[in-house]
1. Please verify whether the stretch 82-92 includes one or more residues that are crowded, with 17+ Cβ neighbours inside 10 Å, in a loop (DSSP other than H, G, I, E, B) and away from ligand 2 (no atom under 13 Å from the Cβ).
2. Just to verify a result, which residue in the stretch 164-194, among those that are at pLDDT below 95 and exposed (fewer than 11 other Cβ atoms within 10 Å of the Cβ), is nearest to HIS136 (Cα to Cα)?
3. Among the residues of the stretch 138-148, is there at least one that is within 16 Å of ligand 2 (Cβ to nearest atom), without any contact (Cβ under 8 Å) to a residue 60 or more places away in the chain, on the phi < 0 side of the Ramachandran plot and not in a loop (DSSP other than H, G, I, E, B)?
4. Output the residues belonging to the stretch 10-43 that are over 17 Å from the mean Cα position of the chain (by Cα) and acidic (Asp, Glu).
5. Taking the condition of being under 18 Å from LEU83 (Cβ atoms), charged (D, E, K, R) and part of a loop (DSSP other than H, G, I, E, B), how many residues in the stretch 106-136 meet it?
6. Tell me whether the stretch 17-32 contains one or more residues that are under 23 Å from PRO111 (Cα atoms) and outside any loop (DSSP other than H, G, I, E, B).
7. Quick one: how many residues across the stretch 82-124 are basic (Lys, Arg) and either within 16 Å of ligand 1 (Cβ to nearest atom) or within 28 Å of TRP159 (Cβ to Cβ) (or both)?
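The values are calculated or read from the model by the stated rules, or taken from the named source; none is laboratory data. As the structure is a computational prediction, the values presented were derived from the model and not from experiment. Positions of Cβ are backbone-derived with ideal geometry, glycine not excepted, and every protein chain shown enters the neighbour counts.
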Amino acid sequence: MNKAVFIDKDGTLIKDVPYNADPHKVVLEPGAGVALAALQAAGFMLIMVTNQSGVAHGYFQEEDLLPVFDRIQELLGEAGVQLDAVYYCPHHPAGKTERYRQSCICRKPRPGMLLHAARDHHLHLHQSWMIGDILHDMEAGNRVGCRTILIDNGHETQWDFNAFNTPDFRVPSLTAAADTILESAQNKAYGNFL
Ligand SMILES: [Mg+2]
Ligand SMILES: [Zn+2]
């Protein structure tokens, strides 16, 4: 069994540019490369999970996402790290195109992408983590037994708490999120289970 860190894309791994499909506008969050490299070195698979309803809304095509994902890998490569997998949800219940107009199980806060990843990569979800910048990310992670870290960077504005979306940790940055995971892994090594 493997363990993973699930990472939201917009506002978590890269700067949030709403509905962006231009690879030139991709900018990593500060410290992203170093943070992810440290997590990978500690044995975590790195899996990006992202809602891309711009496809359903007709703002861009599904294949337009690939150059954006490639650019993220290119930028991470400069820090010597690569994502192991990327999952995206192109759907939206109010989408313009019938093909993508659905109330799917993959759009966060639903956990479908995490479940697909767990199946594809033999993940132990209780040893895995979800990092995101809004409560929907927390809910997707919590619903499948991951530990969850909210990057409290002002992107969540609703704070609409329910039984599933309370993060286990709230931190100011991706760097701090990685530190939290690595500390926890270290505590575990000394038998101090969280
Ligand atoms: Mg986000
Ligand atoms: Zn979906």
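1. yes
2. LEU194
3. There is at least one residue in the stretch 138-148 that is within 16 Å of ligand 2 (Cβ to nearest atom), without any contact (Cβ under 8 Å) to a residue 60 or more places away in the chain, on the phi < 0 side of the Ramachandran plot and not in a loop (DSSP other than H, G, I, E, B).
4. ASP22
5. 2
6. Checking the stretch 17-32: not a single residue is under 23 Å from PRO111 (Cα atoms) and outside any loop (DSSP other than H, G, I, E, B).
7. Going residue by residue through the stretch 82-124, those that are basic (Lys, Arg) are 96, 99, 101, 107-108, 110, 119.
Restricting the remaining residues to those that are either within 16 Å of ligand 1 (Cβ to nearest atom) or within 28 Å of TRP159 (Cβ to Cβ) (or both) gives 107-108, 110.
Adding up the residues that qualify gives 3.
Conditions tested, residue by residue: (1) surrounded by fewer than 22 Cβ atoms within 10 Å (Cβ to Cβ); (2) in contact with a Cys (Cβ under 7 Å, 6 or more places away or on another chain); (3) at pLDDT below 95.
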site	(1), (2), (3)
THR97	yes, no, yes
PRO109	yes, no, no
HIS121	yes, no, no
LEU135	no, no, no
GLY145	yes, no, no
